[in-house]
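Structure first, then comments.
The values are calculated or read from the model by the stated rules, or taken from the named source; none is laboratory data. Everything numeric here is computed off the predicted structure, so don't read it as measured data. FYI the Cβ positions are ideal-geometry reconstructions off the backbone, even for glycines, and counts take in every protein chain you see.
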Amino acid sequence: MDTFDAALQKAKGLFDSACKKTDEVVNVGKLKFELSSAESKLEKAFCALGKAQYNVLKDKEDLEIEAKALVLDVNDKLSDVENLRNEITKLTGKGVCGECGAALTNGAAFCSSCGKKVK
């Protein structure tokens with residue numbers, strides 16, 4: 001009977017150890033998810049700050065060389081995005097939302113994705 005009790009105690013110890021390890025993995029997974037969410041929110045905050053700063057700087061003539069280069073780069077990328085959206089519109093026959101890039105249904109007054117008024 002002592003051998004059975006010893007085996008039972010060992011099995012219980014292994015089970016407890018496995019449960020503890022599983023809890024650790026689950027907690028790490030939760031933390032990684034929260035970290036990813038926090039990083040995404042941070043990236044959106046940086047993006048919003050950058051957009052606000054761009055809007056302040058885009059029409060100024062006396063910008064520093066680096067800032068002017070960044071503004072010109074953003075302008076080029078905005079033009080590229082607009083051209084690609086126009087190409088998609090031509091190929092699909094559907095419009096593309098200028099705010100979020102979602103496909104627009106024909107005759108829509110508002111984007112069904114973000115709610116932006118369609119031109």
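Listed values, structure above:
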item: Hits in the stretch 10-42 - residues which are among the polar types (S, T, N, Q) and either loosely packed, with under 10 Cβ neighbours inside 10 Å or within 30 Å of V71 (Cα to Cα) (or both); result: S36, S37, S40
item: Residue pairs meeting the criteria (Cβ under 6 Å; at least 6 apart or on separate chains; first at positive phi and assigned to a loop (DSSP other than H, G, I, E, B), in the stretch 66-94; second hydroxyl-bearing (S, T, Y) and modelled with pLDDT of 80 or more); result: none
item: In the stretch 95-113, the residues that are in a loop (DSSP other than H, G, I, E, B) and under 18 Å from L84 (Cβ atoms); result: G95, C97, G98, E99, C100, G101, A102, L104, C111, S113
item: Test: residue in the stretch 43-59 that is modelled with pLDDT of 80 or more, loosely packed, with under 10 Cβ neighbours inside 10 Å and assigned to a loop (DSSP other than H, G, I, E, B); result: yes
item: For A69: the one exception among (1) among the small types (G, A, S); (2) touching a Lys or Arg at 6+ places or on another chain (Cβ under 8 Å); (3) exposed (fewer than 13 other Cβ atoms within 10 Å of the Cβ); result: (2)
